[in-house]
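What follows is a set of notes on a single structure, which appears directly below.
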Amino acid sequence: MALIRSSDLVGFSLMSQDVRTLMPPVRRIRQEQRIPTIGGGIHPTALPRESLDDFDYVCVGEGEEPLRQLHERIREGNRDASDIANIGFNKGSEKILPVECWFVRDLDDLPFPDYRFARSFVLRENPPGARPGRTMVRIPSAPAAKRELFRSDALLFYSQRGCNMACTYCSNSLYHAMARQAGARWYRVTSAGRVKAELQSHLSQLPGLDHVWLNDDDLLAREPSELEDISSFLKNALRVTFNINAIPRHVTEEKITILARNGLR
Ligand code: B12
Ligand code: SF4
């Protein structure tokens, strides 16, 4: 609670399974500190009206530009978000849901996710021997100390958003419907050049990692030439192994051969 005392807005990212754990602190922030809260991620996207029972604002769909605009608005002392795409909010007793839906057109236009952790904290299990429970600790900027804190050998990475399929039980079917209505595309790919620059930047911020989890829903939707370009860079320039997700429809011997030669595990 002390950490957020001077914040303009407090954001939470949540899946449906997180609701029970997250809502008690969200309610406390609203009631005790009177700082506006916003929920984003798949749960508020799928159930925005219900999520407004607890959050002041919700982000329905992608958040980069809507959150920037909302933050600017709140800093100006104005809490009305009715003209900001993707943002729903409580206006008195009325729940206002967004009319317009924004999707980033070109993933290459987004800045890299920030792994410098210049002023970031993480909730960590107390070490053995200490008082049981969890403590908020500041993420150190020194690479070796960062590695000690995270104790991970792998980087989770995305080079695409969405999946070309739309299985009914999967979030992709919801996002495809939202994008269709907005005249936008849900399934988008980052250029191979940007993928390489981004991977290089992340691994320089997080040294010591020797494996990358390319966690796109279906990496093999890419052409063989792009798979060669990205995977040979992982092997020869970054010297890391990798694993992927893929759906059967795009699995070919040619693609698997390229990836296996370049370090697929
Ligand atoms: C990465 C991922 C994981 C990773 C990392 C999870 C993590 N805790 O970060 C791993 C593999 C560990 C994982 C595990 C699970 N996952 Co998962 N996972 C995903 C996946 C593939 C991508 C999510 C992601 O990070 N995308 C990249 C970011 C940039 O995009 P994004 O999350 O959509 O965020 C954007 C917007 O939502 C918004 N936004 C998000 N947060 C916020 C916050 C604020 C304040 C704002 C303003 C905006 C905002 O802005 C972002 C940028 O535009 C999604 C499917 C998908 N393609 O979306 C499933 C998905 C989220 N997972 C799902 C599930 C069910 C799980 C598990 C519960 C499975 C299980 N039974 O064990 C576990 C839970 C583990 C845990 N404790 O967290 C479901 C959730 C469904 C639901 N209604 O909750 C999804 C949607 C897949 C599906 N089947 O439909 N998962
Ligand atoms: S193929 Fe997999 S990721 Fe794609 S829509 Fe179906 S379940 Fe979701």
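Every number in this text was worked out from the coordinates using simple rules, so none of it is lab data. Being a predicted model, the structure only gives us computed values, none of them experimental. Every residue, glycine as well, gets a Cβ built from its backbone with ideal geometry; the counts of neighbours run over all protein chains shown.
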For residue 263, the net charge from surrounding residues (Cβ-Cβ under 11 Å; K, R +1; D, E -1) works out to +3
Any idea how many Lys pairs in the chain come in under 27 angstrom at the alpha carbon, given 8 or more places apart or on separate chains?
5
So for the range 2-96, averaging the separation of alpha carbon pairs under 8 Å that are six or more residues apart and normalising by length, what relative contact order in percent results?
24 percent
Under the rule rounded for a/c under 1.5, else prolate if a/b exceeds b/c, else oblate, using alpha carbon gyration tensor axes a ≥ b ≥ c, the range 2-96 is classed as rounded
With residue 1 itself left out, Lys, Arg at +1 and Asp, Glu at -1 over residues whose Cβ is under 13 Å from its Cβ give +4
Of 212, 13, 126, which is farthest along the charge dipole of the chain in the positive direction, counting Lys and Arg as +1 and Asp and Glu as -1 at C-beta?
126
For the range 148-257, which chymotrypsin sites (Phe, Trp or Tyr not before Pro) are both in a DSSP coil and crowded by at most 11 other Cβ atoms within 10 Å?
169
Can you give the charge dipole size of the chain about its Cα centre, rounded to the nearest 20 debye, using +1 on the beta carbon of Lys and Arg and -1 on the beta carbon of Asp and Glu?
920 debye
Over the chain, what is the mean sequence separation of C-alpha contacts under 8 Å (at least six apart), divided by residue count, expressed as relative contact order in percent?
12 percent
Can you classify the chain as rounded, prolate or oblate using the Cα gyration tensor, where a ≥ b ≥ c are the square roots of its eigenvalues, rounded means a/c under 1.5, and otherwise it's prolate if a/b beats b/c and oblate if not?
oblate
Loop-located GluC sites (Glu not before Pro) in the range 70-164, at most 11 other Cβ atoms within 10 Å (DSSP):
76, 100
